[in-house]
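*Asks:* Structure below; questions to follow.
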Amino acid sequence: MNTKITYDKKKLYELVVRQVSKRKDLIGGAAERTRKDCEEAPGPMQSRYDSSREELGALADGLNLRAEDIERGSIKLSLLREPINLNLDHVQIGSLVRVSEKGSNSSEDFFVLPYGGGEIVEIKGEEVIIITEDSPIYQAMRSKQKRSCFQIRRPDSKIVNYEILDIK
């Protein structure tokens with residue numbers, strides 16, 4: 001198991017920004033198409049029992065709200081552009097962290113960002129999981145340094161112990 005993070009954090013950050021931007025474009029396009037379908041759907045005067053116009057309108061509204069949320073998230077990400085270049089000695093927003101479950105020979109990489117939690121980005125054949133400051137794993141490792149240990153309770157109530165192998 002390689003304990004050192006070898007990929008470029010700035011490139012990873014740019015991949016995340018692109019991935020979030022693509023998601024915003026996809027959802028925005030879906031909202032547009034759904035709104036168009038809504039306008040073309042039969043209204044109450046055309047069909048007594050067809051509720052597709054109302055349902056499509058609600059779906060388009062929901063997609064628009066999601067696209068707006070992603071846009072706000074993109075702005076949060078862009079505000080982090082400069083601090084991303086820092087090499088940090090403790091876990092904080094902007095940290096790229098490699099952890100290993102105690103007793104395991106495998107590791108996981110987490111990138112702490114203000115938006116994008118749950119996104120998975122592939123770089124150099126490895127997956128990096130984006131987490132935000134609200135995630136339980138970040139809460140457990142916040143302010144910890146390399147070689148520090150922390151534990152979290154998984155959704156299945158199992159307590160898992162981790163060690164921080166590297167921070168970039």
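*Asks:* If you go through region 107-125 one residue at a time, do you hit one that is outside the structural domain of L15 (by TED's automatic domain parsing), free of Cβ contacts under 8 Å to residues at least 24 places away in the same chain, part of a loop (DSSP other than H, G, I, E, B) and more than 15 Å from V17 (Cα to Cα)?
*Replies:* There is at least one residue in region 107-125 that is outside the structural domain of L15 (by TED's automatic domain parsing), free of Cβ contacts under 8 Å to residues at least 24 places away in the same chain, part of a loop (DSSP other than H, G, I, E, B) and more than 15 Å from V17 (Cα to Cα).
*Asks:* Moving on. Take region 1-28 and flag every residue that is loosely packed, with under 13 Cβ neighbours inside 10 Å, without any contact (Cβ under 8 Å) to a residue 12 or more places away in the chain and either more than 20 Å from S95 (Cα to Cα) or touching a Ser or Thr at 6+ places or on another chain (Cβ under 6 Å) (or both).
*Replies:* Answer for region 1-28, where residues must be loosely packed, with under 13 Cβ neighbours inside 10 Å, without any contact (Cβ under 8 Å) to a residue 12 or more places away in the chain and either more than 20 Å from S95 (Cα to Cα) or touching a Ser or Thr at 6+ places or on another chain (Cβ under 6 Å) (or both): K22, D25.
*Asks:* Take region 127-139 and flag every residue that is over 11 Å from the mean Cα position of the chain (by Cα) and buried (at least 16 other Cβ atoms within 10 Å of the Cβ).
*Replies:* I137, Y138
*Asks:* OK, next. Go through region 143-167 and report how many residues are surrounded by fewer than 16 Cβ atoms within 10 Å (Cβ to Cβ), under 21 Å from the mean Cα position of the chain (by Cα) and not polar (S, T, N, Q).
*Replies:* Final tally of qualifying residues: 3.
*Asks:* Going by what's in this entry, would R18 be described as modelled with pLDDT of 90 or more, under 17 Å from V128 (Cα atoms), part of a helix (DSSP H, G or I) and not β-branched (V, I, T)?
*Replies:* Answer is yes for this residue.
The values are calculated or read from the model by the stated rules, or taken from the named source; none is laboratory data. A quick note: this is a predicted structure, and the numbers were derived from the prediction, not measured. Glycine gets a Cβ as well: all are built from the backbone with ideal geometry, and neighbour counts include every protein chain shown.
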